[in-house]
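The values are calculated or read from the model by the stated rules, or taken from the named source; none is laboratory data. Values in this document were obtained by computation on a predicted structure and should not be read as measured data. With ideal geometry, Cβ positions are generated from the backbone for all residues, glycine too; neighbour counts draw on all protein chains shown. In case anyone asks, the SASA skips ligands and DNA or RNA and just uses the protein heavy atoms, side chains included. Shrake-Rupley method; radii C 1.70, N 1.55, O 1.52, S 1.80 Å.
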Amino acid sequence: MPVLKDAMPLMKEPHPLPQAPLPWILPSLFAAFNVVLLVVFSGLFFAFPCRWLAQNGEWAFPLVTGLLCVLTFFSLVSLNFSDPGILHQGSNEQGPMMVHVVWVNQRAFRLQWCQKCCFHRPPRTYHCPWCNVCVEDFDHHCKWVNNCIGHRNFRFFMLLVLSLCLYSGALLVTCLIFLVRTTHLPFSMDKAMAILVTVPATGFLVPLFLLLLIQAMSVSAAQRSCEGKCRYLQGYNPFDHGCASNWYLTICAPLGPKYMTEAVWLQRVAGSDWVPMQNLHFPVCPSVLSPPAPTSESPQTREGSLR
């Protein structure tokens with residue numbers, strides 16, 4: 001008698017169900033935990049070693065550390081709720097079969113088509129997989145604050161890293177001075193809390209200082225963290241305007257209006273600048289194209305076509 005399983009038709013195994021995306025509540029809780037951690041350690045510091053120094057006439061330590069604490073907390077909360085420069089979804093009228101080319105300092109860039117946002121991304125605009133949005137001048141996604149770092153909040157990120165470095169250094173120096181001045185006193189709760197605050201302050205100071213140094217070098221060279229694997233041809237960065245101008249554009253320059261309208265306005269049809277995709281061959285990274293051949297058009301006509 002034949003085996004039953006041999007007589008039954010073969011059936012394909014069901015494909016595994018796609019995994020659900022990570023709930024937004026988990027990264028939000030992690031960012032909230034960082035804020036609570038800052039508040040807890042700051043409270044222990046001001047309640048024990050800093051209080052002892054203030055009672056003994058050392059008012060300079062509470063004033064300096066208090067100002068740095070307010071600055072750090074303000075920059076952290078501001079970065080959590082800031083707009084990194086989100087470009088809202090475009091229109092279905094535009095499609096990926098056309099290519100839009102823009103010129104930056106005599107270098108041409110092909111605008112990448114975003115399938116999720118339905119528009120051609122401007123240069124240095126990337127789609128964040130965690131936030132599921134396109135961010136202008138995207139640098140990276142900071143999981144510590146659960147927000148992207150881009151054009152509109154990069155200065156808040158630099159302020160946060162700088163204030164955290166100064167605040168951690170101030171906590172470390174103040175606790176060490178407190179422990180030195182209380183060596184003749186028996187072990188107490190103030191000393192225990194000072195040691196408890198010194199350990200995380202020391203652990204965070206070194207990586208924060210390295211991060212600040214790396215970000216300062218990136219700003220000076222007009223580079224972004226997400227472009228580490230994408231180098232420009234011939235070592236020329238068209239976004240580099242010099243060290244002083246790069247710092248001004250990053251920290252002091254006006255941010256401009258928010259992109260609250262549809263992103264299709266960023267890519268209006270511009271005549272001859274739109275070419276079929278099948279006639280072009282581009283690498284993965286934005287490539288550098290040769291400048292356009294001179295034509296008989298007047299500068300006013302050419303300027304109008306680019307717009």
> Among 160-173, 198-211, how do they line up from the highest to the lowest mean number of other beta-carbon atoms within 10 Å?
Replying inline: 160-173, 198-211
>> Charges at C-beta only: +1 for Lys and Arg, -1 for Asp and Glu. How large is the resulting dipole of segment 24-267 about its Cα centre, in Debye rounded to 20?
In response: 280 debye
> Rank Tyr126, Tyr248 by accessible area, highest first, at a 1.4 Å probe radius?
Replying inline: Tyr248, Tyr126
> In a shell of Cβ-Cβ distance under 14 Å around Phe46, excluding Phe46 itself, what net charge do Lys and Arg (+1) and Asp and Glu (-1) give?
Replying inline: -1
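For Arg124, Arg181, write out the residues from largest to smallest accessible area, computed with a 1.4 angstrom probe and no ligands counted.
My answer, sorted largest first, is Arg181, Arg124.
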> Counting only protein heavy atoms, what percent of the accessible surface of segment 136-249 is carbon or sulfur at a 1.4 Å probe?
Replying inline: 72 percent
